[in-house]
Amino acid sequence: MYRTHHCGELRASHINKKVTLSGWVQKSRDKGFVAWVDLRDRYGITQLVFDADRTDEKLMEVARNLGREYVIQVTGTVIERASKNPNIETGDIEILVESLEILNQANVPPFTIEDQTDGGEELRMKYRYLDIRRNPVKNNLIFRHKVTQEVRNYLSSIDFIEIETPYLIKSTPEGARDFVVPSRMNEGQFYALPQSPQTFKQLLMVGGMDKYFQIVKCFRDEDLRADRQPEFTQIDCEMAFVQQEDVLQSFEGLTRHLLKTINGVEVDAFPRMSYDEAMKTYGNDKPDIRFGMKFGELNTMAQHKDFNVFNSAELVVGIAVPGGNSYSRKEIDKLIDWVKRPQIGALGMVYVRCNDDGTYKSSVDKFYDQTDLSQWAKATNAKAGDLICVLSGKTSAVRAQLSALRMELAERLNLRNPKEFAPLWITDFPLLEWDEDTQRYHAMHHPFTAPKPEDIKLLDTDPGAVKANAYDLVLNGNEIGGGSIRIHDKETQSLMFDHLGFTKEQAKAQFGFLMNAFEYGAPPHGGIAFGLDRLVAILGGAETIRDFIAFPKNNSGRDVMIDAPAPIDQHQLDELGLKIK
Ligand code: ASP
């Protein structure tokens, strides 16, 4: 038997007990006549003691020569510590070791295996198995386990069934590129890895499994952005015989359950906001509503003077920065530089100081008087002591810029408290989205999303105005889930494919299986998928999803530990019938 107890288990009540422990050498200290070794495993650290009076000389020698991260097994007696350590759970005791076996030696690790390590990110990724021995990473993985456990508990308790769907499938467009897998047995043909199990979960509804979920890997060959992983995990869900309200209620329930069991936080009914309202008030479809700084549109009160920058703009919009009037001229100039950075792209920024005496001082005093400025203050909800920041230009661009500024300022003003949770449903998304590159409409969510029945008539005349029964769940400014009510009849689905620019043949070749299924009694259905990695990170009060993934890829999509992707043998290529250019 390798161990009778683990390294986080022994307490004063075990004193005089003979025990066997196994683990890694965290560190050792040698005072000549006494040597101590900290033995670590997943559960904690237990101090081992070897002393010249009670330990035989050979064993003393072995103990003195243990290297960091050696794997050892010891047997000994639990004794009371002379100087107790209140900081660790086993701090009252130590083990007087009687025998020790080295189970495996270890090279000196390339970084310190401690909570605060000296290892840089890339190095820690390369030796991720060592990084996992560190508490912060280990605890995140345990935390993730707890979240998935609670997801399974809750969904099972309301009759959802976890069903696996295949990974080797046919390409399903969901906006990103597919990762493809060549088929050896069908030369020249390829599987695709699922971007999500979307069509399969819909087929499960046709199959009568009216409440499905799956904690499932999804794969998207997207251009890499910070904190995106080419493979990621979804909590994927679908329900039959439901309307939007049923789906929202069920998954509000799940989210509330997680916040309660994982974070000990009770949240009221989640607020809801339409997509249009979110864009208008926050410039963004995933607003962080833990703080204000709502947008105030100023067109009507800023386009009546000779200021051409505003007069020629599609949108003039501002936010009030709480306490911002205390910024020096230099600080404001820096803020202006910040919005003018290419990543943000604003052409400039107009500002208004709201003085304590109720007067205003703006960067455009030449054009606007106190009455104008007081209207701006009203529209942006600015109080004395605030600073109003105003951007102008094309609506979509300006909204994105001001939204970025709002988030940046909130960060600087410490308004984004990770311990506070502000969920929000965004509803009534547009069905279609215009794509400048391809000069045509794309499905905003995916092609299986149902248009609102009353809007179908607009599909031909004003496609951009058609709304969908599609929704996102936003938590603290992050989209944590998204879904929709689906099309469940062949005619509407085929109409949708027409509008997305598919020919009848293309639609049939790609989605014939789904349209066929719709002819065999498809029930009304809808669902949602949560991004598990991000959800876990937010519940864990952290920003980066990598910290919650056992073996993540780096920002260039590489696994630096196993060194993938990598070339394959000519022999493998030949077998697959593939040629590299
Ligand atoms: N399949 C969708 C996605 O991955 C989620 C859904 O519509 O249920 O975003």
Within the stretch 179-199, restricting to residues that are within 15 Å of the ligand (Cβ to nearest atom) and of a type in the set (S, T, Y), the one that is nearest to the chain's Cα centre (by Cα) is S196
Residue among R11, R40, R29 that is closer than 17 Å to G67 by Cβ and exposed (fewer than 15 other Cβ atoms within 10 Å of the Cβ) = R29
Failed item, numbered, when P166 is tested on (1) more than 16 Å from the ligand (Cβ to nearest atom); (2) loosely packed, with under 15 Cβ neighbours inside 10 Å | (1)
Report yes if some residue within the stretch 552-573 is part of a helix (DSSP H, G or I) and touching a residue at least 12 places away in the same chain (Cβ under 8 Å); otherwise report no.
-> no
May I ask you to list the residues in the stretch 165-199 that are more than 15 Å from E222 (Cβ to Cβ), assigned to a loop (DSSP other than H, G, I, E, B) and not β-branched (V, I, T)?
-> P166, Y167, L168, K170, S183, R184, M185, N186, E187, G188, Q189, P197
Could you check F111 against (1) within 16 Å of the ligand (Cβ to nearest atom); (2) free of Cβ contacts under 8 Å to residues at least 24 places away in the same chain and say which number it fails?
-> (1)
Filtering the stretch 445-458 down to residues that are surrounded by fewer than 18 Cβ atoms within 10 Å (Cβ to Cβ) and either hydrophobic (A, V, I, L, M, F, W, C) or touching a Ser or Thr at 6+ places or on another chain (Cβ under 8 Å) (or both), which residue is nearest to T255 (Cα to Cα)?
-> I456
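Taking the criterion of being more than 16 Å from the ligand (Cβ to nearest atom), at pLDDT 95 or above and not acidic (D, E), would at least one residue in the stretch 432-445 satisfy it?
No, the conditions are met nowhere in the stretch 432-445.
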Only one of Q234, Q202 is touching a helix residue (DSSP H, G or I) at 6+ places or on another chain (Cβ under 8 Å), within 15 Å of the ligand (Cβ to nearest atom), over 30 Å from V316 (Cα atoms) and part of a helix (DSSP H, G or I), namely Q202
Residues of the stretch 539-570 being in contact with a Gly (Cβ under 9 Å, 6 or more places away or on another chain) and surrounded by 16 or more Cβ atoms within 10 Å (Cβ to Cβ), which ones?
-> I545, D547, F548
What number of residues in the stretch 345-362 are touching a residue at least 12 places away in the same chain (Cβ under 8 Å) and surrounded by fewer than 17 Cβ atoms within 10 Å (Cβ to Cβ)?
-> 7
Answer with yes or no whether T503 is at pLDDT below 95, over 20 Å from Q195 (Cα atoms), more than 16 Å from the ligand (Cβ to nearest atom) and surrounded by 14 or more Cβ atoms within 10 Å (Cβ to Cβ).
-> no
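Looking at the stretch 237-274, which of its residues are of a type in the set (S, T, Y) and within 14 Å of the ligand (Cβ to nearest atom)? If you could, list the steps in order and put the result at the bottom.
Keep residues of the stretch 237-274 that are of a type in the set (S, T, Y), which gives 250, 255, 261, 274.
Within the stretch 237-274, S250 is the sole residue that qualifies.
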Within the stretch 419-438, identify whether any single residue is of a type outside the set (A, V, I, L, M, F, W, C), in contact (Cβ under 8 Å) with a residue 12 or more places away in the chain, surrounded by fewer than 16 Cβ atoms within 10 Å (Cβ to Cβ) and more than 30 Å from S494 (Cα to Cα), and answer yes or no.
-> yes
Inside the stretch 319-349, can you point out the residues that are out of contact with any helix residue (DSSP H, G or I) (no Cβ under 8 Å at 6 or more places or on another chain), among the aliphatic types (A, V, I, L, M) and under 22 Å from Q375 (Cβ atoms)?
-> I332
Count of the stretch 456-499 residues which are in a strand (DSSP E or B), farther than 26 Å from K419 by Cα and either within 11 Å of the ligand (Cβ to nearest atom) or among the small types (G, A, S) (or both) = 6
A176: over 23 Å from the mean Cα position of the chain (by Cα), under 18 Å from P230 (Cβ atoms), within 16 Å of the ligand (Cβ to nearest atom) and surrounded by 12 or more Cβ atoms within 10 Å (Cβ to Cβ), yes or no?
-> no
Here the residues within the stretch 184-205 that are crowded, with 19+ Cβ neighbours inside 10 Å and of a type in the set (F, W, Y) are F200
Scan (1) modelled with pLDDT of 95 or more; (2) within 16 Å of the ligand (Cβ to nearest atom); (3) touching a strand residue (DSSP E or B) at 6+ places or on another chain (Cβ under 6 Å) for the single condition S171 breaks and write down its number.
-> (1)
In the stretch 523-552, anything within 16 Å of the ligand (Cβ to nearest atom), of a type in the set (G, A, S) and more than 9 Å from the chain's Cα centre (by Cα) is listed as G526, G527, A529
Within the stretch 208-221, of all residues that are surrounded by 14 or more Cβ atoms within 10 Å (Cβ to Cβ) and not in a strand (DSSP E or B), the one nearest to the ligand (Cβ to nearest atom) is R220
Please find, among V206, V247, the residue that is of a type in the set (A, V, I, L, M, F, W, C) and closer than 21 Å to D472 by Cα.
-> V247
Check off (1) surrounded by fewer than 20 Cβ atoms within 10 Å (Cβ to Cβ); (2) part of a helix (DSSP H, G or I); (3) in contact (Cβ under 8 Å) with a residue 40 or more places away in the chain for S374 and give me the number that stays unchecked.
-> (3)
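The values are calculated or read from the model by the stated rules, or taken from the named source; none is laboratory data. The structure presented is a predicted model; accordingly, all values stated were derived computationally and were not measured. Cβ sites come from the backbone with ideal geometry, for glycine too, and all protein chains shown count toward neighbours.
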